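Below is one structure, written out as structure tokens, with a few remarks after it.
Read-outs throughout are calculated quantities, based only on the coordinates presented, and are distinct from any laboratory measurement. Because the structure is a prediction, the values reported are computed rather than measured. As a convention, Cβ positions derive from the backbone with ideal geometry for all residues, glycine included, and neighbour counts pool all protein chains shown.
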Amino acid sequence: MIKNISAVIITKNEEANIADCLQTLDFVNEIIIVDSDSNDKTVHIAGGYTKKIFNRKWDGYASQKNFGISKAKNEWILSIDADERVSEELKEEIKSLAFDKEGYLLPIKNYFLGSWLKYGGQYPDYHLRLFKKSKGKFSYGVKEVHETVNIDKKIIKKLQNPMLHYSYNSVSAYFHKFNSYTFLEAAGRFKRNKKPSWYGLFLRPSFRFIKYYIMKLGIMDGVRGLLFHLFSSFYVFSSELKLFEMFRFNKKEIRWKS
């Protein structure tokens, strides 16, 4: 039983991704874009698919997405990022849902440097992306850049077919976002007065690599798996180091960096 669904996407300089994302949303009847002062062709491209485009000063991932949800006319929300695609199999599965739950967990199929990461805790990477507007709201999880929707686990269901996530198609693309993400990670913890630690700086990156690359068999993903988990461990180190810097210099001006 197909329901009316509103897709919500937040963007900033996503001209390379947005068209491919929007082309997979032909089964929803509303698309909402919340853009944060893009200076490329993102808004122009998106305008070919929807008229509901809002410019909003960056206020954090959860806040931007909640703003988009507030503009939706439908009860059901599909939260999707610009570098994600709804697979044909997932599209058909959503169309056939009974919609008898409050939300649905979607398995995310993560691609890195053009290849699917099957191991290292990367699949199935379940996230609550399809949910009732009246029941779900984004809040920050453990990481500032990884927001979550809070709905009672007893009234949600896992879907079988994946959302495709083309996060980093090149090393350059990874490090282009790296500085922004580690800054936002540190800034969020700084605002919540989460103090840094030497454990976080030196041991957490090592434990992260051992857990995901070795214990969760990230090694099975070959060279790309090695690079991904090395980069991820360096991410942990860098965000902790930036947090040390913020507390040392008491930096109170926290803003979006692209």
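Here are a few things to note about the model shown:
- Kirkwood-based shape ratio for the chain, expressed as Rg/Rh from alpha carbons: 0.96
- Axis of helix 61-70 versus longest Cα principal axis of the chain: the two differ by about 10°, to the nearest ten degrees.
- Ratio of Rg to Rh over region 170-249 (Cα coordinates, Kirkwood Rh, two decimals): 1.02
- In terms of surrounding Cβ atoms within a 10 Å radius of their Cβ, Trp116, Trp76, Trp198, Trp58 rank from fewest to most as Trp198, Trp116, Trp58, Trp76.
- Under 5 Å from the amide H of Phe54 lie the amide H atoms of Ile33, Val34, Asp35, each residue being 5 or more positions distant or on a separate chain, with H modelled from the backbone and absent for Pro and chain starts.
- Fewest neighbouring Cβ atoms within 10 Å first, the residues Leu106, Leu227 line up as Leu227, Leu106.
- Distant-in-sequence amide contacts of Tyr126, defined by a placed amide H-H separation under 5 Å and a gap of 5 or more residues or a different chain, comprise Ile108.
- The long axis of helix 222-249 is offset from the longest Cα principal axis of the chain by roughly 70 degrees.
- Potential extension, Phe54-Leu226 segment - 0.36 nm per residue separation minus Cα distance: 58.0 nm
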